[in-house]
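Chemist: For reference, the structure I am asking about is given below.
Only the coordinates and a few stated rules stand behind these numbers; no lab work does. Predicted model, so just to flag it, every value in this text is computed and none were measured. When we count neighbours, we look across all protein chains shown, and the Cβ atoms used for this are built from the backbone with ideal geometry, even at glycine.
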Number of protein chains: 2
Amino acid sequence: MAEKLMGKDVAAAIKENLKAQVAEIKAQGVVPKLGIIRVGARPDDLYYEGGAKKTAESIGIDFEVFEYAEDISQEAFEKAVQEINGRKDVNGILMFSPLPKHLNESKIRELISPDKDVDSLTLGSAAKVFVGDKTGFPPCTPQAVMEILHHFEIPLQGRKAVILGRSLVVGKPLAMLLLGDNATVTICHSKTQDLPGVCREADVLIAAVGRAKMVKADYVKAGQVVIDVGINEDPDNPGKYCGDVDFQAAEGIVDKITPVPGGVGSVTTAVLCKHTVLACKMQNQL
Amino acid sequence: MAEKLMGKDVAAAIKENLKAQVAEIKAQGVVPKLGIIRVGARPDDLYYEGGAKKTAESIGIDFEVFEYAEDISQEAFEKAVQEINGRKDVNGILMFSPLPKHLNESKIRELISPDKDVDSLTLGSAAKVFVGDKTGFPPCTPQAVMEILHHFEIPLQGRKAVILGRSLVVGKPLAMLLLGDNATVTICHSKTQDLPGVCREADVLIAAVGRAKMVKADYVKAGQVVIDVGINEDPDNPGKYCGDVDFQAAEGIVDKITPVPGGVGSVTTAVLCKHTVLACKMQNQL
């Protein structure tokens, strides 16, 4: 049976490291702070927000939620975001999306300074990830994948990493991060011919398509490391979640695999806090 | 023997199309203009500039060179670039790089507006290419590769495209452009294990590493399309150029191949003019 790569072990290590950093920062009279901007109250957003709050508090990071009514005007919301962005005590900003349709989301995203953009909402952050500029924050999910690979010391240099999915929030930035670690990177997707065959070529296979259990036994091979980014409603267990990988089919074949839940999703809020602490240090030249 | 994919055929088709567009633009009282910023007088820059001028003139695009002494100060050069960028009659700007070392090149690049940045010098353009925003201009060389693939109707959807090289001017943006055409994209490089084996997997192999004739017979297979982006001094023929592919070794094996010279390099100035015409249309809402 495959070794399960548990997200909580990775998150714990990140948090331990951050606690020490936050103590040092506080010794200089500064407290890192994460600001969350939420319009409305979608259950998924509230769930993530709760997790982020818990993680932030456990590390000693201040946390503030800026909540707005769903019918807020573009003008009022722009003003609010600009004010939050201008606050010296708020080091990192996460804004839940999608915003209500009457709001111009791409315009509002760009009101966040790249140096506070801890979940890569702006074009400026995207550009930095693309060009490999380490001062830019990648989105938290692909960074969480990298944290898992690093924590469990999965070799990447020269190895074949295959990413299933080419989204802007996972696939594309993850490709850039894996290239930064000298992996040979393949991006495949729904149009790929012989998708199972391409995935079987991987040393490290990352599934990020958002389709429940689509990666079956014929997509994997012995010796592989499989990272499952998907979080989908489980068609076979109402009320439960599952990944993009058919875990039961894969765990008897591959070498290591992240479970869902308990894998990548358990690491993202720790990454959000890591980015916030780094943002705080850069902003205060610490 | 492989079919030679001649750049001049592609460039001729692009220019024919642009001539018609430029005639329509001129009928509205507007003349597209390309501005070239050059510091000093490197022979390579002068050679490219001459080619760009010839191409622009053949299409009916105005062309102006802004030349500066190598010892120009940062302040004076910033002012000059801002002035050129502000000119309403200059639709596209190309600036030769690298700039002399005493100049802050990354700062100067960002003085060019993304809508005039016809060779993708700015982070804004890089971001647009990364996210797949068609209003952003990719660098001319990867776009020239795409023009060749489209002109010769090379199937890309679902096929394996392997890019050898991960530079910001070719490899990375080309990966994004190929993904936009639904190819399955692999980026490999000097650290890739079994590089010849990875390259042999390609339906379309693009070599962009800048190492003379490194792609030998064992990197290719029957049926492949090979695009050679390299322009290197030929170690076997002093004073001549050669590509990253050992052409003599490959042409007996693969299905189609671009020669060097006469391949990708023959298309880049046509792409530069295409971007300038598009920039002119967007700026004038034509």
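Chemist: What FRET efficiency comes out for residue B:47 versus residue A:201 if R0 is 51 angstrom and r is the Cβ-Cβ distance? Round to the nearest 0.05. Display every interim value, and only then the final one.
Modeler: Details: r = 42 Å, r/R0 = 0.82.
The value I calculate is 0.75.
Chemist: A follow-up question, please. In deg cm²/dmol, rounded to 500, what helix-only [θ] at 222 nm does the protein assembly as shown give when every DSSP H run of at least 4 residues adds -39500 (n - 2.57) and the total is split over its residues? Display every interim value, and only then the final one.
Modeler: Details: 20 runs with 227 residues, N = 572.
Helices in the protein assembly as shown give a 222 nm mean residue ellipticity of -12000 deg cm²/dmol.
Chemist: Right, next: Bin width 10 Å, alpha-carbon pairs only: give the P(r) of segment A:118-180 as whole percents, running from 0 to the bin holding the largest distance.
Modeler: The calculated distribution, bin by bin, is 22, 56, 21, 1.
Chemist: Output wanted: per-residue J couplings in Hz (rounded whole) for segment A:120-132, from phi through Karplus 6.51 cos²θ - 1.76 cosθ + 1.60, θ = phi - 60°, x for Gly and Pro.
Modeler: Per residue, the Karplus-derived 3J(HN,Hα) values read 6, 8, 9, 4, x, 5, 4, 4, 5, 5, 5, 7, x Hz.
Chemist: Still on this structure, please answer the following. Could you check the simple spin-label distance between residue A:194 and residue B:24, using points 7 Å along Cα→Cβ, in nm with one decimal?
Modeler: Inter-label distance under the simple model: 4.3 nm.
Chemist: Expressed as a whole number of Å, what is the distance separating the alpha-carbon centroids of segment B:148-223 and segment B:234-284?
Modeler: Their Cα centres are 15 Å away from one another.
Chemist: A further question follows. Would you mind checking the tilt of helix B:43-59 against the longest principal axis of the Cα atoms of chain B, expressed as 0 to 90 degrees and rounded to 10?
Modeler: Taking Cα atoms only, the helix is inclined about 80 degrees.
Chemist: Same structure again: Tell me which residues come under 5 Å, amide H to amide H, from residue A:241 once H is placed; ignore anything under 5 positions away on its chain.
Modeler: Answer set, sorted by chain and number: A:234.
Chemist: Give, as a single signed number, the net charge of other residues whose beta carbon lies under 10 Å from the beta carbon of residue B:181, with Lys and Arg counted +1 and Asp and Glu -1. Mind dumping the intermediate values first?
Modeler: Values: positive: A:191, B:159; negative: none.
It works out to a net charge of +2.
Chemist: Need the full-extension length gain, residue A:131 to residue A:255, defined as separation in residues times 0.36 nm minus the C-alpha distance. One decimal, nm.
Modeler: Numbers: separation 124, 0.36 × 124 = 44.64 nm, distance 3.25 nm.
This chain segment gains 41.4 nm when fully extended.
Chemist: Which whole-number percent is the relative contact order of chain A (Cα, under 8 Å, 6+ apart)? Mind showing how you got there, number by number?
Modeler: Details: 559 pairs, mean separation 64.9, N = 286.
With pairs under 8 Å counted, the relative contact order is 23 percent.
Chemist: Where the label is 7 Å out from Cα toward Cβ, how close does residue B:239 come to the same position in every other copy, in nm, shortest first?
Modeler: List, nearest first: 8.4 nm.
Chemist: To the nearest 20 debye, what charge dipole does segment B:144-272 have about its Cα centre, counting +1 at the Cβ of each Lys and Arg and -1 at the Cβ of each Asp and Glu?
Modeler: Dipole about the Cα centre, nearest 20: 320 debye.
Chemist: Using a Cα distance threshold of under 14 Å, what count of lysine pairs results for segment A:1-112 when pairs must be 8 or more residues apart or interchain?
Modeler: Qualifying lysine pairs in segment A:1-112: 9.
Chemist: Kindly provide the Kirkwood hydrodynamic radius of segment A:1-154 in Å, to one decimal, from all pairs of distinct alpha carbon atoms. Display every interim value, and only then the final one.
Modeler: Numbers: mean 1/r = 0.0590 Å⁻¹.
One over the average 1/r among Cα pairs gives 17.0 Å for segment A:1-154.
Chemist: For segment A:190-195, what does the Karplus curve 6.51 cos²θ - 1.76 cosθ + 1.60, with θ = phi - 60°, yield as ³J(HN,Hα) per residue in whole Hz, taken in order and with x for Gly and Pro?
Modeler: Result, ordered by residue: 4, 8, 4, 6, 6, 4 Hz.
Chemist: Counting only pairs 8 or more places apart or on different chains, how many lysine pairs in segment B:180-286 have C-alpha atoms closer than 22 Å?
Modeler: Value for segment B:180-286: 9.
Chemist: For residue B:263, which sequence-distant residues (separation of 5 or more, or a different chain) have an amide H within less than 5 Å of its own amide H, given hydrogens modelled in the peptide plane?
Modeler: Result for residue B:263 returns B:7.
Chemist: Using a simple charge model, +1 on the beta-carbon of Lys and Arg, -1 on the beta-carbon of Asp and Glu, nothing else, what dipole does segment A:1-78 show about its Cα centre, in debye to the nearest 20? Present the calculation step by step, with values, prior to reporting the outcome.
Modeler: On the way: 10 positive and 15 negative charges, 108 e Å.
For segment A:1-78, the charge dipole is close to 520 debye.
Chemist: Another one. So what are the ³J(HN,Hα) numbers for segment A:271-278, from phi and the Karplus equation (6.51, -1.76, 1.60; θ = phi - 60°), rounded to whole Hz, Gly and Pro as x?
Modeler: So the Karplus estimates, Gly and Pro as x, are 5, 4, 5, 4, 5, 5, 5, 5 Hz.
Chemist: Could you check the simple spin-label distance between residue B:107 and residue A:168, using points 7 Å along Cα→Cβ, in nm with one decimal?
Modeler: Label at residue B:107, label at residue A:168, 3.0 nm between them.
Chemist: Shifting gears a bit: Please report, largest first and rounded to whole Å, the three semi-axes of the ellipsoid equivalent to segment B:132-286, where each semi-axis is the square root of five times an eigenvalue of the C-alpha gyration tensor. It would help to have the intermediate numbers written out before the result.
Modeler: Numbers: eigenvalues 141, 66, 36 Å².
Whole-Å semi-axes of the equivalent ellipsoid: 27, 18, 13.
Chemist: Turning to a different aspect of this structure: Mind listing the long-range amide H neighbours of residue A:65? Cut-off is under 5 Å, sequence gap 5 or more, other chains count too, H placed in the peptide plane at 1.01 Å from N.
Modeler: Sorted by chain and number, the residues that satisfy this are A:36.
Chemist: Still on this model: Can you give the direction-averaged projected area of the convex hull of the alpha-carbon atoms in segment B:149-237, in nm²? Present the calculation step by step, with values, prior to reporting the outcome.
Modeler: Working: hull surface 24.7 nm².
Mean projected area for segment B:149-237: 6.2 nm², to one decimal.
Chemist: Can you give the charge dipole size of chain B about its Cα centre, rounded to the nearest 20 debye, using +1 on the beta carbon of Lys and Arg and -1 on the beta carbon of Asp and Glu? Please list the in-between numbers first.
Modeler: Values: 33 positive and 38 negative charges, 86 e Å.
In total the dipole reaches around 420 debye.
Chemist: Okay, moving on. Restricting things to alpha carbons, find the Rg to Rh ratio for chain B using the Kirkwood radius for Rh.
Modeler: Working: Rg = 19.1 Å, Rh = 19.6 Å.
Computed over Cα atoms, the ratio is 0.98.
Chemist: Out of all DSSP beta bridges with both ends in the protein assembly as shown, state the antiparallel percent to the nearest 5.
Modeler: Details: 7 of 65 bridges.
Just about 10 percent of them are antiparallel.
Chemist: Next question, about the same structure. Name the residue from A:196, A:173, A:219 whose Cα lies farthest towards the positive end of the charge dipole of segment A:157-276, charges +1 on Cβ of Lys and Arg and -1 on Cβ of Asp and Glu.
Modeler: Of the candidates, A:173 comes out farthest on the positive side.
Chemist: At a Cα cut-off below 19 Å, give the aspartates and glutamates reachable from residue B:160, other chains included and same-chain residues fewer than 8 away excluded.
Modeler: Hits, sequence-local ones excluded: A:194, A:201, A:203, B:147, B:181, B:194, B:201, B:203, B:218, B:228, B:255.
Chemist: For helix B:7-27, report the angle its Cα long axis makes with the longest principal axis of the Cα atoms of chain B; keep it between 0 and 90° and round to the nearest 10°.
Modeler: It works out to around 30 degrees.
Chemist: Among A:253, A:229, A:272, whose Cα lies farthest out toward the positive end of the dipole of segment A:221-278, if unit charges sit on the beta carbon of Lys, Arg (+1) and Asp, Glu (-1)?
Modeler: Selected residue: A:272.
Chemist: Right, something else. When each copy gets a label point 7 Å from Cα toward the beta-carbon at residue B:133, what are the spacings between them in nm, shortest first?
Modeler: Taking the point 7 Å beyond Cα along Cα→Cβ, the inter-copy spacings are 1.4 nm.
Chemist: When DSSP assigns beta bridges and you keep just the ones with both residues in chain A, what percent turn out antiparallel, to the nearest 5? It would help to have the intermediate numbers written out before the result.
Modeler: On the way: 2 of 31 bridges.
If I count the DSSP bridges inside chain A, around 5 percent turn out antiparallel.
Chemist: What is the log10 of I(q)/I(0) for segment B:26-91, computed with the Debye formula using one identical point scatterer on each Cα and no solvent, at q = 0.12, 0.13, 0.17, 0.19 Å⁻¹?
Modeler: Cα-only, vacuum Debye calculation for segment B:26-91: -0.36, -0.42, -0.68, -0.82.
Chemist: Continuing with this model, one more query. DSSP loop (so not H, G, I, E, B), at most 10 other Cβ within 10 Å: list which trypsin sites (Lys or Arg not before Pro) in segment A:94-146 pass both filters. Before the final figure, lay out the partial values.
Modeler: Working: sites: A:101, A:107, A:109, A:116, A:128, A:134; in loops: A:101, A:134.
Counting only loop positions with at most 10 other Cβ atoms within 10 Å, the trypsin sites (Lys or Arg not before Pro) in segment A:94-146 are A:101, A:134.
Chemist: Once the label point is placed 7 Å from Cα along Cβ, list for residue A:98 the distances to the corresponding points in the other copies, in nm, shortest first.
Modeler: Output for residue A:98: 4.5 nm, nearest copy listed first.
Chemist: In addition: Using 13 Å as the cut-off for backbone N distance, which residues of segment B:195-212 belong to the label zone defined by a point 7 Å from the Cα of residue B:221 along Cα→Cβ?
Modeler: B:196-205
Chemist: Label the protein assembly as shown by shape, choosing from rounded, prolate and oblate, from the square roots a ≥ b ≥ c of the eigenvalues of the Cα gyration tensor; if a/c is under 1.5 it is rounded, and otherwise prolate applies when a/b is larger than b/c, oblate when it is not. Don't skip to the answer; put the middle values down first.
Modeler: Working: a/c = 1.95, a/b = 1.28, b/c = 1.52.
Cα axes put the protein assembly as shown in the oblate bin.
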